[in-house]
Amino acid sequence: MSKNLTKREVDYSKWYNELVVKADLAENSAVRGCMVIKPYGFAIWEKMQAELDRMFKETGHENAYFPLFVPKSLFEAEEKNAEGFAKECAVVTHYRLQNDPDNKGKLRVDPEAKLEEELVVRPTSEAIIWNTYRGWIQSYRDLPLLINQWANVVRWEMRTRLFLRTAEFLWQEGHTAHATKKEALIEARQMQDVYAEFAENHMAMPVIKGAKSESERFAGADETYTIEALMQDGKALQAGTSHFLGQNFAKAFDVKYTSKEGKQEYVWATSWGVSTRLIGGLIMTHSDDLGLVLPPKLAPIQVVIVPIYKGEEQLEAISAKVNVFVKELKEKGISVKFDTRDTYRPGAKFAEYELKGVPVRIAIGKRDLESNTVEVARRDTLEKQTVSQDDVVEVVSNLLEEIQNNLFDRAINYRKEHTTVVNTFEEFKDAIENVGGFVSAHWDGTAETEDKIKELTKATIRCIPLDGKIEEGKCVFTGEKSTQRVLFAKAY
């Protein structure tokens, strides 16, 4: 199975596309630009969703659900947001089909069923949510309002790639309202921290926290905070964003509250989101030429046990032992699969679970029963060890933790090796073309310089690092004064 994968160094993009399909994560659908997420891929998303949902609720947020459709008049109320998404919008104009009189057995749009007002299929939900908040917020007692939504959105992408960029995708979007600017800024930064913690502790994917340049900000935001990850091909991935929206949406939708002093004030807003794009990030951060490599915390199956046997009698003897392991591992909260299928040979099963990135594989046969041992293989390094059956539960528990940490360390080492500090534009171009990864350079702060660098190198400003030190320098392109380095990279 994995032998048929294109190698990463030959064609990284082809490797990625093949892996997503062959590992049973997703496939293209009959709808152009949309994907079918298959059960194994959706199981990864469910694990992501469960952990993020827990983290959101721990920080005081509640889940709600808002309509898929946004009346065009509401959508265009906040001009920057409407303008930013206008080219990606799918629009509903009619509400009925009818039999086509000119083509028997076919349907056509009923010309008499035109909507009075077009409905935009949500590319993001600020408009419909802030129109709703106008009725929910009257007084300072109603604040802060901390709402999250798990939903699908549609952005009409022309060039799509499974998980990374599709016309429809799944995500969560938080939308909060606050009494003061300070509270809203704290919220936006807090959610950036939540995303970073999730990415590093669960995805084992190191990220850099930063702010976006003005031209890279979310449409309608005063400030966009981002977490940026580095993939194995040296390209950056924007893995999550949190936006300080100022009072833009409050003013557009007239959302005011009465303060303690009895004054009418506009509220302050944030929005923040991550999507199924995280699955793409997970794949490209850790996987190899043999298939997926999944961090244990997000693997649908953390441990697979493959019996090697001849005849029912041997299988029964092996099963008696294995069922004890399975029970003890499950009691520790570890997900286990005991694969007793007789339609595949052990070698084919090994290849399947290697391709699917199962972190730990245990093999047990007749000889292992006699010697009271099992063979334990780890997916990240492909190392195998013989372990006493008495110790297998403890060994596996420790191994899962070790694999989680090793994947993070491996990814952070890759990022260190592919982060280049440059001072001239020649060094900049060389680093982008020949090293890849992040390039740390001074920038004069102008959109013109940013655009010119992008035009010449295809590299964009990924973020202005929040922990970046303030230092005098000269813009790598214009030589003008600069006070801080920013991170450039080619990106997805």
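The values are calculated or read from the model by the stated rules, or taken from the named source; none is laboratory data. Everything quoted here is computed from the prediction, not taken from an experiment. When we count neighbours, we look across all protein chains shown, and the Cβ atoms used for this are built from the backbone with ideal geometry, even at glycine. Note: accessible area is taken over every heavy atom of the protein model, side chains too, but ligands, DNA and RNA are not part of it. Shrake-Rupley method; radii C 1.70, N 1.55, O 1.52, S 1.80 Å.
Among the residues of the stretch 104-125, those that are in a strand (DSSP E or B) and within 30 Å of W150 (Cβ to Cβ) comprise L115, E117, E118, L119, V120, V121.
For F428, the conditions (1) touching a Leu at 6+ places or on another chain (Cβ under 9 Å); (2) assigned to a helix (DSSP H, G or I) are fulfilled apart from (1). Can you pull out the residues in the stretch 1-27 that are farther than 18 Å from K356 by Cβ and buried (at least 16 other Cβ atoms within 10 Å of the Cβ)? Y12 - this is the single residue of the stretch 1-27 that is farther than 18 Å from K356 by Cβ and buried (at least 16 other Cβ atoms within 10 Å of the Cβ).
S371 - would you say it is among the hydroxyl-bearing types (S, T, Y), farther than 30 Å from Y133 by Cα and crowded, with 21+ Cβ neighbours inside 10 Å?
no
Going residue by residue through the stretch 266-288, is there one that turns out to be over 30 Å from L185 (Cβ atoms), at pLDDT 95 or above and touching a Lys or Arg at 6+ places or on another chain (Cβ under 7 Å)? Looking for residues that are over 30 Å from L185 (Cβ atoms), at pLDDT 95 or above and touching a Lys or Arg at 6+ places or on another chain (Cβ under 7 Å), one finds none in the stretch 266-288, hence no.
Here are some residues: A77, A43. Which one is in a helix (DSSP H, G or I), of a type in the set (A, V, I, L, M), in contact (Cβ under 8 Å) with a residue 12 or more places away in the chain and out of contact with any Leu (no Cβ under 7 Å at 6 or more places or on another chain)?
Details: A77 fails: in a helix (DSSP H, G or I).
Only one candidate qualifies: A43.
Checking each residue in the stretch 434-475 for being in a helix (DSSP H, G or I) and either open to solvent by 50 Å² or more (accessible area, probe 1.4 Å) or in contact with a Leu (Cβ under 9 Å, 6 or more places away or on another chain) (or both) picks out N434, V435, E448, D451, K452, K454, E455, L456. When the stretch 318-351 is filtered for residues that are closer than 16 Å to V303 by Cα and either touching a Gly at 6+ places or on another chain (Cβ under 9 Å) or hydrophobic (A, V, I, L, M, F, W, C) (or both), the ones remaining, listed by number, are V322, V324, F325, V326, L329, I334, V336, F338, P346, F350, A351. Within the stretch 116-132, restricting attention to residues that are of a type in the set (A, V, I, L, M, F, W, C) and in contact with a Phe, Trp or Tyr (Cβ under 6 Å, 6 or more places away or on another chain), the residue that is most open to solvent (accessible area, probe 1.4 Å) is L119. Residues that are part of a helix (DSSP H, G or I) and surrounded by 14 or more Cβ atoms within 10 Å (Cβ to Cβ) were ranked within the stretch 345-359; the one that is farthest from the chain's Cα centre (by Cα) is P346.
Could you check, for the stretch 133-156, whether at least one of its residues is outside any helix (DSSP H, G or I), open to solvent by 60 Å² or more (accessible area, probe 1.4 Å), modelled with pLDDT under 95 and under 23 Å from C34 (Cβ atoms)? Show your work before the answer.
Start the filter on the stretch 133-156 by keeping residues that are outside any helix (DSSP H, G or I), which leaves 137-139, 143-156.
Going one step further and asking which of them are open to solvent by 60 Å² or more (accessible area, probe 1.4 Å), we end up with 138, 144, 156.
With modelled with pLDDT under 95 added as a condition, the list becomes 156.
Applying the additional criterion that residues be under 23 Å from C34 (Cβ atoms) yields 156.
Among the residues of the stretch 133-156, at least one is outside any helix (DSSP H, G or I), open to solvent by 60 Å² or more (accessible area, probe 1.4 Å), modelled with pLDDT under 95 and under 23 Å from C34 (Cβ atoms), which makes the answer yes.
The residues of the stretch 476-492 that are polar (S, T, N, Q), under 15 Å from V422 (Cβ atoms) and surrounded by fewer than 18 Cβ atoms within 10 Å (Cβ to Cβ), listed by number, are T478, Q484.
Being exposed (fewer than 13 other Cβ atoms within 10 Å of the Cβ) and among the acidic types (D, E) narrows it down to one of E51, E76, E83, so name that one. Show your work before the answer.
Numbers: E51 fails: exposed (fewer than 13 other Cβ atoms within 10 Å of the Cβ); E76 fails: exposed (fewer than 13 other Cβ atoms within 10 Å of the Cβ).
The conditions single out E83.
Here S397 fulfils each of the conditions (1) open to solvent by less than 50 Å² (accessible area, probe 1.4 Å); (2) closer than 14 Å to K490 by Cα apart from (2). State whether one or more residues within the stretch 413-426 are out of contact with any Pro (no Cβ under 7 Å at 6 or more places or on another chain), free of Cβ contacts under 8 Å to residues at least 60 places away in the same chain, crowded, with 18+ Cβ neighbours inside 10 Å and of a type in the set (F, W, Y). Scanning the stretch 413-426, I find no residue that is out of contact with any Pro (no Cβ under 7 Å at 6 or more places or on another chain), free of Cβ contacts under 8 Å to residues at least 60 places away in the same chain, crowded, with 18+ Cβ neighbours inside 10 Å and of a type in the set (F, W, Y), so the answer is no. Taken as a whole, the condition of being more than 20 Å from A489 (Cα to Cα) and part of a loop (DSSP other than H, G, I, E, B) does not apply to A188.
Inside the stretch 263-280, residues that are open to solvent by 10 Å² or more (accessible area, probe 1.4 Å) and of a type in the set (S, T, Y) make up a count of 2. Among the residues making up the stretch 361-378, those that are charged (D, E, K, R) and either in contact (Cβ under 8 Å) with a residue 24 or more places away in the chain or touching a strand residue (DSSP E or B) at 6+ places or on another chain (Cβ under 6 Å) (or both) are R361, K366, D368, E375, R378.
Against the conditions (1) touching a Ser or Thr at 6+ places or on another chain (Cβ under 8 Å); (2) on the phi < 0 side of the Ramachandran plot; (3) open to solvent by less than 10 Å² (accessible area, probe 1.4 Å); (4) of a type outside the set (S, T, Y), E216 satisfies every one except (3).
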